[in-house]
Amino acid sequence: MTRDFRQPRVTDLAAIMAIQRECYPPVLREDRLTIEERMAVAAEYCWVAEDEHGIAAYLFAYPSTLGKITPLDGAFRIAPDGDTLYFHDLAVLKRVAGTGLGSDLVDVALASAAAQGFAHAALVAVQESSMFWERMGYRRRDELDEVERENLQTYPGSPFYMVREVLPPSGT
Ligand SMILES: CC(C)(COP(=O)(O)OP(=O)(O)OC[C@H]1O[C@@H](n2cnc3c(N)ncnc32)[C@H](O)[C@@H]1OP(=O)(O)O)[C@@H](O)C(=O)NCCC(=O)NCCS
């Protein structure tokens, strides 16, 4: 099966919204305008994975600062000199779940983070996904300031802020 990883286009929005609908309950879904805005402000930090049937997964990220959390539905507040690539959303269609696509997208984003000199990658793990993220090298970080703790609590269930180190590209 061939899979291409590339930056999303506006014409991918319908497919991205369909993946979101399949992967998240209504309370965790974000509206089309919010997602469109994210693609506009953080284009080079967003990826889709495409196979012969179409877009199968996406990962949206943006430059941030260690310890900062985007609230659900919140705008991406890009930190121009940020030390952290913040993964806001990773979702994989069920038809390809468990085939390594989620891990591959994370690797693509981490390679980009390394190439651009980020020291950390961070995210909020939702929907019991923290085991997946642990396998990708992330660890829970519970020390958060008050504002970020409130941002974390905008996510339902048991959300965890998780962080991993980003290693410089080999050969540097
Ligand atoms: C979590 C998610 C992105 C994983 O994507 P995926 O492509 O299915 O994952 P991979 O195939 O790369 O899985 C890698 C390993 O992690 C495991 N894994 C996958 N999802 C997992 C989860 N939710 N919890 C624990 N382990 C998980 C897989 O079984 C696999 O293990 P294996 O190598 O022993 O078989 C996908 O299940 C998804 O889109 N979930 C819904 C949206 C969501 O909750 N995203 C996370 C937001 S923080």
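The values are calculated or read from the model by the stated rules, or taken from the named source; none is laboratory data. What you see is a predicted model; the values in this text were computed from it and never measured. The area values use the complete protein model at the heavy-atom level, side chains included, leaving out ligands, DNA and RNA. Shrake-Rupley method; radii C 1.70, N 1.55, O 1.52, S 1.80 Å.
By the combined test of axial Cα extent (at least 20 Å) and Kyte-Doolittle hydropathy (mean at least 0.0), the qualifying DSSP H helices of the chain come to 101-115. Note on segment 4-165: with neighbouring protein chains present and a 1.4 Å probe, carbon and sulfur make up 51 percent of its accessible heavy-atom surface.
Here the relative contact order of segment 76-167, from alpha carbon pairs under 8 Å that lie six or more residues apart, stands at 34 percent. What does the C-alpha gyration tensor say about the overall shape of the chain? Classify as rounded when a/c is under 1.5, otherwise prolate if a/b is larger than b/c, or oblate. Verdict is rounded for the chain.
Cut-off 10 angstrom, C-alpha nodes, Gaussian network model of the chain. Which of Thr34, Thr11, Thr154 fluctuates the most? Looking only at Thr34, Thr11, Thr154, the largest GNM fluctuation is found for Thr11.
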